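Everything below concerns the one structure shown next.
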Amino acid sequence: MKILLICGSIAQKSHKRTLLKYIEKLLKDKNIEVVFWDLRSKPLSIAIPEFHKNPSETPNENVKMFVKEVISSDGFVLGSPLYHGSYSGVLKNALDNLHYDAFRNKPVALVSNSGSIRNCAHPCEHLRLVIRALYGYVLQSQIGTSGDDYEETKEGYELINEEIKERVSRLTDELVSFANLLQKNTINKN
């Protein structure tokens with residue numbers, strides 16, 4: 001099984017990258033193959049409409065590699081900070097670079113971060129619509145964090161909220177279980 005983590009934050013110090021790295025460790029501890037796609041270090045070109053039907057033919061090498069990772073993955077975790085009431089533009093662009101059914105019959109976990117606990121779920125709620133449009137199964141569980149859940153370090157942040165850590169553990173269990181179920185289900189056989 002392979003899970004693709006997509007970091008929709010391009011900040012140098014990122015709460016979202018910290019949370020996704022924590023998720024990556026939990027998945028690897030379960031012997032799951034994990035690919036971490038950081039849109040800061042591996043940016044994608046602006047989606048070109050001419051390649052929407054076959055994104056693998058785009059001239060951008062990062063987009064080609066990204067599309068290949070999406071196709072070969074069994075599940076996903078998308079992470080975004082809150083930007084102007086929704087998820088980040090770089091994450092939207094990444095999704096726009098994909099085929100319309102890129103997540104067909106695959107589970108997708110959503111995680112987000114905001115400066116305030118009141119708004120931390122907005123990116124996840126907006127991403128639910130997009131993932132459904134890409135034919136993915138959005139997990140019922142989602143995680144929204146705020147700055148209070150982290151401690152700043154020299155290198156970035158450290159997740160310190162034990163309740164969030166417990167919820168992340170449940171989220172990864174749900175993702176792996178659902179991916180296993182969908183892999184075995186005949187609906188995914190072409």
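The values are calculated or read from the model by the stated rules, or taken from the named source; none is laboratory data. Worth saying up front: this structure is predicted, and the values here are computed from it rather than measured. Don't worry about glycine lacking a Cβ; one is built from the backbone with ideal geometry, like all the others, and counts go over all protein chains shown. Ligands, DNA and RNA are excluded from the accessible area calculation, which covers all protein heavy atoms including side chains. Shrake-Rupley method; radii C 1.70, N 1.55, O 1.52, S 1.80 Å.
Overview of values
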{"quantity": "Filtered residues of the stretch 122-144 (kept if within 27 Å of D29 (Cα to Cα) and either of a type in the set (G, A, S) or open to solvent by 10 Å² or more (accessible area, probe 1.4 Å) (or both))", "calculated": "G136, Y137, V138, Q140, S141, Q142, G144"}
{"quantity": "Within the stretch 145-159, considering residues that are in contact with a His (Cβ under 8 Å, 6 or more places away or on another chain) and open to solvent by less than 20 Å² (accessible area, probe 1.4 Å), the one nearest to S114 (Cα to Cα)", "calculated": "T145"}
{"quantity": "Flag if L98 is more than 19 Å from I48 (Cα to Cα) and either acidic (D, E) or surrounded by fewer than 22 Cβ atoms within 10 Å (Cβ to Cβ) (or both)", "calculated": "no"}
{"quantity": "Residue match in the stretch 160-173 (condition: touching a Pro at 6+ places or on another chain (Cβ under 9 Å), open to solvent by 40 Å² or more (accessible area, probe 1.4 Å) and β-branched (V, I, T))", "calculated": "no"}
{"quantity": "Which numbered condition A179 misses (of (1) open to solvent by less than 20 Å² (accessible area, probe 1.4 Å); (2) in contact with a helix residue (DSSP H, G or I) (Cβ under 9 Å, 6 or more places away or on another chain))", "calculated": "(2)"}
{"quantity": "Index of the failed condition, I46 passing every other in (1) open to solvent by less than 80 Å² (accessible area, probe 1.4 Å); (2) hydrophobic (A, V, I, L, M, F, W, C); (3) more than 17 Å from R170 (Cα to Cα)", "calculated": "(1)"}
{"quantity": "Any hit, the stretch 13-34, residues being within 16 Å of the chain's Cα centre (by Cα), farther than 30 Å from K184 by Cβ and in a loop (DSSP other than H, G, I, E, B)", "calculated": "yes"}
{"quantity": "Criterion: touching a residue at least 60 places away in the same chain (Cβ under 8 Å), over 12 Å from the mean Cα position of the chain (by Cα) and at negative phi - qualifying residue of S86, S72, S80", "calculated": "S72"}
